[in-house]
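Accompanying notes for the structure given below.
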Amino acid sequence: MTTDHSRVNSPAQSTDDSGVTLALAQIAIESGDVDGNVERATTAVARAAAAGADLVALPELFNVGYFAFEEYARHAEPIDGRTFGRLRDAAVDHDVAVLAGSIVEDLAATDTVPTPAESGLANTAALFGADGTLELVYRKHHLFGYESAESELLVPGERVDTAEVCGFTVGVTTCYDLRFPELYRELVDSGAQLLLIPSAWPYPRVDHWETLSRARAIENQCYVATINGSGSFDDAELLGRSTVYDPWGVRLASSGDDPALVTATVDPAEVADVRSSFPALEDRRH
């Protein structure tokens with residue numbers, strides 16, 4: 001079992017005690033090892049909470065592994081299934097909000113929330129409050145087609161919702177969504193101040209990962225947190241580099257490609273201050 005390393009933070013991280021402590025759990029993900037991956041995820045939530053985190057976020061398909069396409073159907077679960085259940089319990093046990101990065105959802109088995117189709121599979125993230133309340137469900141909108149089976153195996157999401165968590169209006173998107181800026185405008189128009197982006201971004205596209213994430217923060221004047229996994233698969237290696245950007249696009253905290261717990265202080269008042277002092281969003285023409 002891989003042990004998480006200590007966090008790697010840039011000098012730009014705030015040391016102010018105000019605001020919300022956000023933790024990105026860049027866990028080691030092993031292809032098809034659902035039990036081991038979920039155990040690593042719940043352990044990371046416990047560690048983050050013990051370190052003072054208010055909100056913990058996990059990567060895309062953290063339980064089965066994004067590139068384990070042949071395992072999707074076998075490990076698909078409903079929203080109220082075992083994996084999200086364990087992360088919901090971890091949120092309650094440790095009094096911390098949790099973004100359960102995403103799992104492969106069995107749409108036919110989900111009967112607790114609306115679904116985009118009566119059957120099929122979806123790449124689905126769930127945001128739980130510290131009391132275990134399901135605050136938001138997000139199903140990945142843009143399905144990767146280039147040399148990937150994702151678009152053949154999954155149903156795209158339709159809803160773009162926000163939730164009030166830890167004093168923030170939070171929006172969630174997933175990985176490949178980063179390449180489609182109109183989705184983020186829709187979230188900002190809904191009031192989003194913090195965007196959480198669970199991902200399974202592989203080498204060699206490091207520049208794209210960093211540039212697109214920073215651009216989404218700058219153009220939308222909000223915090224952007226990208227939560228990647230760590231690990232190697234048959235034909236891909238995740239590049240890690242989970243990062244928190246502030247509303248100016250400044251990197252507050254980041255990691256390398258090894259497992260890590262990345263923390264940063266974020267504050268909704270900072271979003272309001274940036275948008276007030278440099279009101280670029282008000283100059284948009286429709």
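The values are calculated or read from the model by the stated rules, or taken from the named source; none is laboratory data. Fair warning: this is a prediction, and the values are worked out from it, not measured in the lab. Positions of Cβ are backbone-derived with ideal geometry, glycine not excepted, and every protein chain shown enters the neighbour counts. Note: areas computed on protein heavy atoms with side chains; ligands, DNA, RNA excluded. Shrake-Rupley method; radii C 1.70, N 1.55, O 1.52, S 1.80 Å.
Got at least one residue in region 66-80 being open to solvent by 10 Å² or more (accessible area, probe 1.4 Å), free of Cβ contacts under 8 Å to residues at least 40 places away in the same chain and of a type outside the set (D, E, K, R)? Checked region 66-80: at least one residue is open to solvent by 10 Å² or more (accessible area, probe 1.4 Å), free of Cβ contacts under 8 Å to residues at least 40 places away in the same chain and of a type outside the set (D, E, K, R). Cβ-Cβ contacts under 7 Å between residues 6 or more apart (or on different chains), taken from a first residue in region 40-61 that is on the phi > 0 side of the Ramachandran plot to a second residue that is crowded, with 24+ Cβ neighbours inside 10 Å, are listed as 61/102; 61/103; 61/104; 61/123; 61/200.
Checking the stated criteria, residue 207 turns out to be open to solvent by 60 Å² or more (accessible area, probe 1.4 Å) and at pLDDT 95 or above. Within region 139-198, if we keep just the residues that are more than 14 Å from the chain's Cα centre (by Cα) and basic (Lys, Arg), the residue that is nearest to residue 121 (Cα to Cα) turns out to be 159.
So which residues in region 138-184 are among the aromatic types (Phe, Trp, Tyr), open to solvent by less than 30 Å² (accessible area, probe 1.4 Å) and assigned to a helix (DSSP H, G or I), if there are any at all? Across region 138-184, the qualifying residue is only 184.
Of the residues making up region 82-118, those that are in a loop (DSSP other than H, G, I, E, B) and either under 16 Å from residue 138 (Cα atoms) or out of contact with any strand residue (DSSP E or B) (no Cβ under 9 Å at 6 or more places or on another chain) (or both) are 95, 110, 111, 112, 113, 114, 115, 116, 117, 118. Filtering region 16-58 to residues that are open to solvent by 20 Å² or more (accessible area, probe 1.4 Å) and among the aliphatic types (A, V, I, L, M) leaves 46, 49, 50, 51. Look at residue 87 and say whether it is buried (at least 24 other Cβ atoms within 10 Å of the Cβ) and hydrophobic (A, V, I, L, M, F, W, C). So residue 87 passes the test.
When the test is whether a residue is without any contact (Cβ under 8 Å) to a residue 12 or more places away in the chain and either in contact with a Leu (Cβ under 9 Å, 6 or more places away or on another chain) or more than 23 Å from residue 183 (Cβ to Cβ) (or both), residue 276 passes it.
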